[in-house]
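Step one of this worksheet: look at the structure below.
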Amino acid sequence: MPKRNKFIAAALLLGLCAGVQALRVPSGAREAVLTLPDGAAVRVELALTPEAQAKGLMFRTSLPPGRGMLFVFGSGGVKSFWMKNTLIDLDMVFLDADLKVLRVFHRVPRSRPDQPEDEVARAVAPASLVLELPAGSARAHRVRPGSKIRISFPRYF
């Protein structure tokens, strides 16, 4: 392989690796603070394991303003969220590994106990992370595709 082609191949490989690098979460972190596009701070629980991600916000009856849940996946790809047993309306923000907003689902409706499974709301899109907020929060804080969110991991909560 000519030297120029090797260089191009190496650059492409580095670019691909950088694009799929997962968010680094400090060991032991259970929460983080996100700064939304308008500067508002949101304290989020971290869903880091498959078990925590499967449970998410199920069975909770409220999610106060300024709170949320951030699902951190090991890699990008299509993520599917299903509102079964989720008792609160949510905004779902699908993010890339750099916390850039890819897609926002506004006011995803909660499920009802008697609701047939095929009628339960779903949100599906590519993402490395997914942020769930109380319904209406995304619009209120100007969260839209292309905007960036910042994250910090304060030592003590």
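The values are calculated or read from the model by the stated rules, or taken from the named source; none is laboratory data. Remember, predicted model here, so these are calculated numbers, not experimental data. FYI the Cβ positions are ideal-geometry reconstructions off the backbone, even for glycines, and counts take in every protein chain you see.
Of all residues in the range 111-143, those satisfying the criterion of being in contact (Cβ under 8 Å) with a residue 60 or more places away in the chain and charged (D, E, K, R) are Glu132, Arg142. Are there any pairs, at least 6 apart or on different chains, whose C-beta atoms fall under 7 Å, with the first in the range 76-104 and under 10 Å from Val130 (Cβ atoms) and the second among the charged types (D, E, K, R) and crowded, with 18+ Cβ neighbours inside 10 Å, and if so, which? What qualifies is Met92/Glu132; Phe94/Lys79.
Pick out, from the range 47-101, the strands (runs of 3 or more DSSP E) lying fully within it that include 1 or more residues that are at pLDDT 95 or above and acidic (Asp, Glu).
90-95
With respect to the conditions (1) closer than 30 Å to Gly28 by Cβ; (2) assigned to a loop (DSSP other than H, G, I, E, B), Pro113 lacks only one, and its number is (1).
Per-residue answers, yes or no, for (1) closer than 19 Å to Leu57 by Cα; (2) at pLDDT 95 or above; (3) among the hydroxyl-bearing types (Ser, Thr, Tyr):
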{"site": "Gln115", "(1), (2), (3)": "yes, no, no"}
{"site": "Ala127", "(1), (2), (3)": "yes, yes, no"}
{"site": "Glu132", "(1), (2), (3)": "yes, yes, no"}
{"site": "Gly136", "(1), (2), (3)": "yes, yes, no"}
{"site": "Lys148", "(1), (2), (3)": "no, yes, no"}
{"site": "Tyr156", "(1), (2), (3)": "no, no, yes"}
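Among residues of the range 15-43 that are part of a loop (DSSP other than H, G, I, E, B), those with a Cβ under 6 angstrom from a residue that is among the basic types (Lys, Arg) and modelled with pLDDT of 95 or more, sequence gap 6+ or separate chain, pair up as Pro37/Arg142; Asp38/Arg142.
Yes or no, residue by residue, for (1) closer than 14 Å to Pro37 by Cα; (2) in contact with a Lys or Arg (Cβ under 9 Å, 6 or more places away or on another chain); (3) buried (at least 16 other Cβ atoms within 10 Å of the Cβ):
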{"residue": "Met83", "(1), (2), (3)": "no, yes, yes"}
{"residue": "Thr86", "(1), (2), (3)": "no, yes, yes"}
{"residue": "Arg103", "(1), (2), (3)": "no, no, yes"}
{"residue": "Arg110", "(1), (2), (3)": "no, no, yes"}
{"residue": "Asp114", "(1), (2), (3)": "no, no, no"}
{"residue": "Ala135", "(1), (2), (3)": "no, yes, yes"}
{"residue": "Ala140", "(1), (2), (3)": "yes, no, no"}
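Restricting attention to the range 37-55, the residues that are buried (at least 16 other Cβ atoms within 10 Å of the Cβ), touching a strand residue (DSSP E or B) at 6+ places or on another chain (Cβ under 6 Å) and not aliphatic (A, V, I, L, M) total 2.
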